[in-house]
1. For segment 40-64, give me the residue count where each residue is surrounded by fewer than 15 Cβ atoms within 10 Å (Cβ to Cβ), within 21 Å of Thr79 (Cα to Cα) and touching a residue at least 24 places away in the same chain (Cβ under 8 Å).
2. Can you name the residue in segment 294-304 that is open to solvent by 10 Å² or more (accessible area, probe 1.4 Å) and assigned to a strand (DSSP E or B) and is also farthest from Gly17 (Cα to Cα) among such residues?
3. Among the residues of segment 204-222, write down those that are open to solvent by 30 Å² or more (accessible area, probe 1.4 Å), within 24 Å of Thr106 (Cβ to Cβ) and either part of a helix (DSSP H, G or I) or basic (Lys, Arg) (or both).
4. Take the conditions crowded, with 19+ Cβ neighbours inside 10 Å and farther than 19 Å from Lys219 by Cα and apply them to Thr155. Does it pass?
5. So for segment 160-178 (the condition being in contact (Cβ under 8 Å) with a residue 60 or more places away in the chain, surrounded by fewer than 18 Cβ atoms within 10 Å (Cβ to Cβ) and not assigned by the TED database to the domain that holds Val15), does at least one residue qualify?
6. Sort out which residues of segment 245-278 are part of a helix (DSSP H, G or I) and touching a strand residue (DSSP E or B) at 6+ places or on another chain (Cβ under 8 Å), and write them in order of number.
Amino acid sequence: MTKKYNVAICGATGVVGRKMIQVLEERNFPVNQLFLFASKRSAGKTLTYKGETVTIQELAEDSLKAPIEIALFSAGGETSLKYAPIAAKNGVFVIDNSSAWRMDDTVPLVVPEVNPQALKADSKIIANPNCSTIQSVVPLIALKPYGIKRIVYTTYQAVSGAGKEGISDLENHETNKFPYSINDNVLPHIDTFLENGYTKEETKMIKETQKILEQPDLKITATCVRVPIHTSHAVSINIELEQSFSLDDIRQAFNDLDGVIVQDDPQHNLYPLQSKATDHDGVFVGRIRRDESVANGLNLWVVADNLRKGAATNTIQIAESLIEQKLI
């Protein structure tokens, strides 16, 4: 009989938290009992899981302990920094969707199709990467045998990546979340600006890619852009490789990857679209072509649902990988 696990979701009422509940159900994750936690103002409200009503509890310092075995966090960095160590000390495996732990050298940063070997039984806190990083490194792992020399990212990120306020700005023509109207605009500004002119979002993509691919000196630059789309991110990726390649071999390498769907037939206008990727778990790859301005250059167009593969699904896949590897 398959073992079932007691699972908690911290930040259950948020956009990603609700998606976690949906994905747990759709993937038939072996849940014995589901615990839902959120802020004090949400305590006492209810959500539905597999047709049953689950009451939301206020997250407190004594919440995350036995019988809970796995805690999925999507409640922001401050909450993760405070409560994840408490849960870990109590023997709970924490999979955190914020940026709080990603660059901690003691914390695995995991995309299961790419680096499941980073998981260890004593790693009680595990970080889920940035949404745009996740969908980018999935196809990039197929290029490692050619030697990845340099990467240029340009993202086109949906407003749902900014949570409920981002969605509201788009739907209600507001400017509560973004500094300018997202309607009829693309904003080259995600998260705060740093002294070097990059945003935190751009820096996340750079540093997280280096960590996941285990290439700390890999040359990467990024420009992250918010676009007036509800759900699903697109990333234009330009890669310079060390070795020569054939496009047929590259396409085959992508086709051989778990979770990748190749849509690359320009003669019939077939390429990944954000509207078609929404509510799917796959990473869609197309516009596969040479960058003729540089030796061994390659261009890709990569699309994925930021709330699913970029957040909830990858988090749950990490939990599935813990189980598959018998680490929990």
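1. Residues meeting the conditions: 2.
2. Asn299
3. Those that are open to solvent by 30 Å² or more (accessible area, probe 1.4 Å), within 24 Å of Thr106 (Cβ to Cβ) and either part of a helix (DSSP H, G or I) or basic (Lys, Arg) (or both): Lys204, Lys207, Gln210, Lys211.
4. So Thr155 does not fit the description; no.
5. So far as segment 160-178 goes, yes, one or more of its residues are in contact (Cβ under 8 Å) with a residue 60 or more places away in the chain, surrounded by fewer than 18 Cβ atoms within 10 Å (Cβ to Cβ) and not assigned by the TED database to the domain that holds Val15.
6. The answer is Leu247, Ile250, Arg251, Phe254, Asn255, Pro266, Gln274, Lys276, Ala277.
Condition check ((1) within 30 Å of Ala162 (Cα to Cα); (2) open to solvent by 40 Å² or more (accessible area, probe 1.4 Å)) across all residues:
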site	(1), (2)
Asp264	yes, no
Asp279	yes, yes
Ile288	yes, no
Glu292	no, yes
Asn306	yes, no
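Listed here are the residues, each with its yes/no results for (1) in the same structural domain as Glu165 (by the TED database); (2) acidic (Asp, Glu); (3) farther than 19 Å from Ser98 by Cα.
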site	(1), (2), (3)
Pro30	no, no, yes
Lys50	no, no, yes
Val54	no, no, yes
Glu61	no, yes, no
Ser74	no, no, no
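The values are calculated or read from the model by the stated rules, or taken from the named source; none is laboratory data. A quick note: this is a predicted structure, and the numbers were derived from the prediction, not measured. Positions of Cβ are backbone-derived with ideal geometry, glycine not excepted, and every protein chain shown enters the neighbour counts. Surface areas here come from the heavy atoms of the whole protein model, side chains and all, with no ligands, DNA or RNA. Shrake-Rupley method; radii C 1.70, N 1.55, O 1.52, S 1.80 Å.
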